[in-house]
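Asker: Sharing a structure, written as structure tokens. Questions coming.
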Amino acid sequence: MSVGKIIVILGAPGSGKGTQAKRLQEKFSVPQISTGDILRAIAKEGFSLLAEQIRETQAAGKLVSDEILIQVVSERTQKEDCKKGFILDGYPRTLGQAQQLEGLALSQEREIKVVNVDILDSLLLKRLTGRRSCPSCGEIYNIYFKPPKSNNICDHCSEFLIHRSDDNLESINKRLQEYRKNTEPLIDYYKKHQCLSSIDGTQSPDEVFELLCQIFQ
Ligand code: B4P
């Protein structure tokens, strides 16, 4: 990956953005910035109005406001570890966020490269309801496709795995609606800006990773 780039991973909830962004982070030694993870961390911090707002919004499967996201991303991308570039996992998700990202890229003199992970709706349900994650190391499992060796325990740090509060049928339907309305239009937006590649996300995690490496090396 050439120095200084901003990699954006677009895709429906459950398309595998987080799974792949974590692997890319290791391969290219640039940080994965998951806005979902950052928001969950703020929500866990305490009983502030902001934490409560985020907890409720995420659990309902709605999008957190652009104002909050713009602040979160600006702060995170100014950190020292972003100097060589970074991977945005789950950001932008609205046109307003995409426009803000352009301003950020311009001010940091960086190029934006976007990859869309394409997936069939029929696969999303099992991926999301089956997802479990480790609260300590962040490893993502799936009870159907990638179960941990020992039931509900992380293979790496022996922590109990978490089932996210938004990985239930009602929130998943809402998240898909939000995706269709706010995020899917970004595919055309980035096509027009000629910085978009698309890959088939229905394949195995190893095969999807191989496709991504071909794009970014
Ligand atoms: P996120 O945390 O970003 O989560 P996601 O989109 O649901 O999942 P992802 O696509 O990363 O799937 P994963 O790799 O885990 O967002 C959660 C919420 O945060 C949003 O609803 C919103 O409220 C808020 N939020 C975040 N960013 C925001 C923004 N910019 N603006 C406003 N609000 C924002 O994979 C899913 C499952 O599939 C896993 O179990 C995995 O093991 C499995 N899997 C992955 N790849 C596979 C493959 N190739 N084959 C089989 N299984 C696979």
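Asker: Averaging the inverse of every distinct alpha carbon separation and then flipping it gives the Kirkwood radius. What is it for region 126-168, in angstrom units?
Answerer: In region 126-168 this quantity evaluates to 10.1 Å.
Asker: Could you give the nm distance between label points at T202 and L169, where each point is 7 Å from its Cα heading toward the beta carbon?
Answerer: 2.4 nm
Asker: Here's a follow-up. Not counting ligands, DNA or RNA, and with a 1.4 Å probe, what is F216's accessible surface area in Å² rounded to the nearest 10?
Answerer: Taking all protein chains as shown, F216 has close to 10 Å².
Asker: Give me the dipole magnitude in Debye, nearest 20, for region 13-126 about the Cα centre, with unit charges on the beta carbon: positive for Lys and Arg, negative for Asp and Glu.
Answerer: So the dipole magnitude of region 13-126 works out to roughly 400 debye.
Asker: For E56 and N151, calculate 0.36 nm times their separation in residues minus their Cα-Cα distance, and state this gained length in nm to one decimal.
Answerer: 31.3 nm
Asker: So how much slack lies between E159 and C213, counting 0.36 nm per residue of separation and subtracting their Cα-Cα distance, in nm?
Answerer: 16.4 nm
Asker: In vacuum, with every alpha carbon of the chain counted as one equal point scatterer, what does the Debye formula give for log10 I(q)/I(0) at q = 0.08, 0.10, 0.19 Å⁻¹? Two decimals, please.
Answerer: Evaluating at q = 0.08, 0.10, 0.19 Å⁻¹ gives log10 I(q)/I(0) of -0.26, -0.42, -1.74.
Asker: Over region 85-214, what number does the Rg to Rh ratio reach, with both radii from the alpha-carbon atoms and Rh per Kirkwood?
Answerer: Reported Rg/Rh, Kirkwood definition of Rh: 1.00.
Asker: Still on this structure, I have one more. Taking springs between alpha-carbon atoms closer than 10 angstrom, which of G138, G14, G46 fluctuates most in the Gaussian network model of the chain?
Answerer: Looking only at G138, G14, G46, the biggest GNM fluctuation is shown by G46.
Asker: How much length is gained if the chain between L106 and K27 is pulled fully straight, taking 0.36 nm per residue apart and subtracting their Cα-Cα distance, in nm to one decimal?
Answerer: Extra length available between L106 and K27 comes to 25.9 nm.
Asker: Between Y189 and I143, take the C-beta separation as r, use R0 = 41 Å, and let me know the FRET efficiency to the nearest 0.05.
Answerer: 0.70
Asker: Give me the log10 of I(q) over I(0) for region 26-115 at q = 0.19 Å⁻¹, as the Debye formula computes it from C-alpha points; what are the numbers?
Answerer: Values returned for q = 0.19 Å⁻¹ are -0.92.
Asker: I'd like the trypsin sites (Lys or Arg not before Pro) in region 123-217 restricted to DSSP loop residues with at most 11 other Cβ atoms within 10 Å, sorted by number.
Answerer: K149
Asker: Report the accessible area of S204, computed with a 1.4 Å probe over the heavy atoms of all protein chains in place, in Å² rounded to the nearest 10.
Answerer: In the full protein context, S204 sits at about 50 Å².
Asker: Right, something else. With every protein chain present, what is the per residue accessible area of region 19-178 (1.4 Å probe, Å²)?
Answerer: For region 19-178, the per-residue accessible area is 55 Å².
Asker: If you don't mind, another one. I want the local charge near E139. Using Cβ-Cβ distances under 13 Å, sum +1 for each Lys or Arg and -1 for each Asp or Glu among the other residues.
Answerer: Charge balance near E139 sits at +2.
Asker: Carbon and sulfur together cover what percent of the accessible area of region 45-126 at a 1.4 Å probe radius?
Answerer: 54 percent
Asker: So what does S158 come to for accessible area, using a 1.4 Å probe and Å² rounded to 10?
Answerer: The value for S158 is about 90 Å².
Asker: For Cα pairs less than 8 Å apart in space and 6+ apart in sequence, what is the mean separation divided by the residue count of the chain, i.e. the relative contact order in percent?
Answerer: 30 percent
The values are calculated or read from the model by the stated rules, or taken from the named source; none is laboratory data. Fair warning: this is a prediction, and the values are worked out from it, not measured in the lab. Glycine also receives a Cβ, built like all others from the backbone with ideal geometry; neighbour counts cover every protein chain displayed. Heavy atoms of the whole protein, side chains included, go into the accessibility calculation; ligands, DNA and RNA do not. Shrake-Rupley method; radii C 1.70, N 1.55, O 1.52, S 1.80 Å.
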